[in-house]
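Inspection log for the structure reproduced underneath, given as structure tokens.
The values are calculated or read from the model by the stated rules, or taken from the named source; none is laboratory data. Given the structure is predicted, the values throughout are model-derived calculations rather than measurements. We place every Cβ from the backbone using ideal geometry, glycine too, and count neighbours over all the protein chains shown.
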Amino acid sequence: MTELRLLNLGCGKRRHPHWTNVDLVATSPEVLEVDLRQPLPFLDAQFDAVYASHVLEHLAPDAGRRLVREARRVLCPGGTLRLVVPDLEGICRAYLSALDAAAAGAPSATDRHAWMTIELVDQMARTQTGGLMLQWWRRDPLPVESFIVERLGSEASETIERMRRRRAEMGRLPLSAESWDERPEPSDAERLEFLRTGETHRSMYDRVSLAQLLARCDFEAISVRRASDSVIPHWSEYGLDVGPDGRPHKPDSLFMEATKV
């Protein structure tokens, strides 16, 4: 049986040896250093599947469209593109639910509303690494922690626990409720340097806008999928969207696939 040729764009920590893993900065010898704002350094029709998780939102819309077209170019006919992005619809619905609950005076709803406002806006507006989201996670006790972990999954819980261990090792106190959002404003030079890191979100997608983007780039058979579900053969073996326990790494995501015909 012919081995599948698989490409993982913007892999971060989620990579697999059966895939060609690329990222802006290579964090291991297994990762190729590639600027996804530029044409991909691969031949036409070279891969059977292309996967990009939480990459597209970091690109301006025109750059995102170019990347999707590049993904189509390097895909074989019949190949699959799988895109994973923060689900704008899900974030908005959770925000509105928290807003209604806060307005009605429901217990803990004020904190859920504050958190959802951060989740909706912070990564597009932040001017420092981690933004208000990271500052919130430094609080102890951490307000609505179970709600945050339910929404953001293992990556959030692992980061929160890592911060707690580091704080304990260094003997530092957590931020108080009064001071959690108090950080000095960065200088103009620091702000510009931060923007070059690519941490901020430059665009957001829902199931309609992402499907429209794929259709404009001449993909067909566009469908929303689950984290554990894919037309890519042996998907569950790779662990790219789910952990060993079957839970999504990023539950707040929209998972969508399309085919190059």
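State all residues of region 97-113 that are touching a helix residue (DSSP H, G or I) at 6+ places or on another chain (Cβ under 7 Å) and of a type in the set (Ser, Thr, Tyr); if no residue qualifies, say none.
Selection gives Thr110 alone.
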Original post:
Hey, among Glu57, Glu30, Glu3, Glu70, which residue is within 22 Å of the chain's Cα centre (by Cα) and at pLDDT below 95?
Top reply: Glu30
Original post:
Out of region 228-247, which residues are touching a Gly at 6+ places or on another chain (Cβ under 9 Å) and either hydrophobic (A, V, I, L, M, F, W, C) or at pLDDT 95 or above (or both)?
Top reply: Ser228
Subject >> Selection from region 228-237 of residues that are surrounded by 17 or more Cβ atoms within 10 Å (Cβ to Cβ) and in contact (Cβ under 8 Å) with a residue 60 or more places away in the chain >> reply: Ser230, Ile232
Original post:
Among helices (runs of 4 or more DSSP H) lying entirely in region 123-223, which contain 2 or more residues that are at pLDDT 85 or above, in contact with a Phe, Trp or Tyr (Cβ under 8 Å, 6 or more places away or on another chain) and surrounded by 12 or more Cβ atoms within 10 Å (Cβ to Cβ)?
Top reply: 131-137, 145-152, 154-170
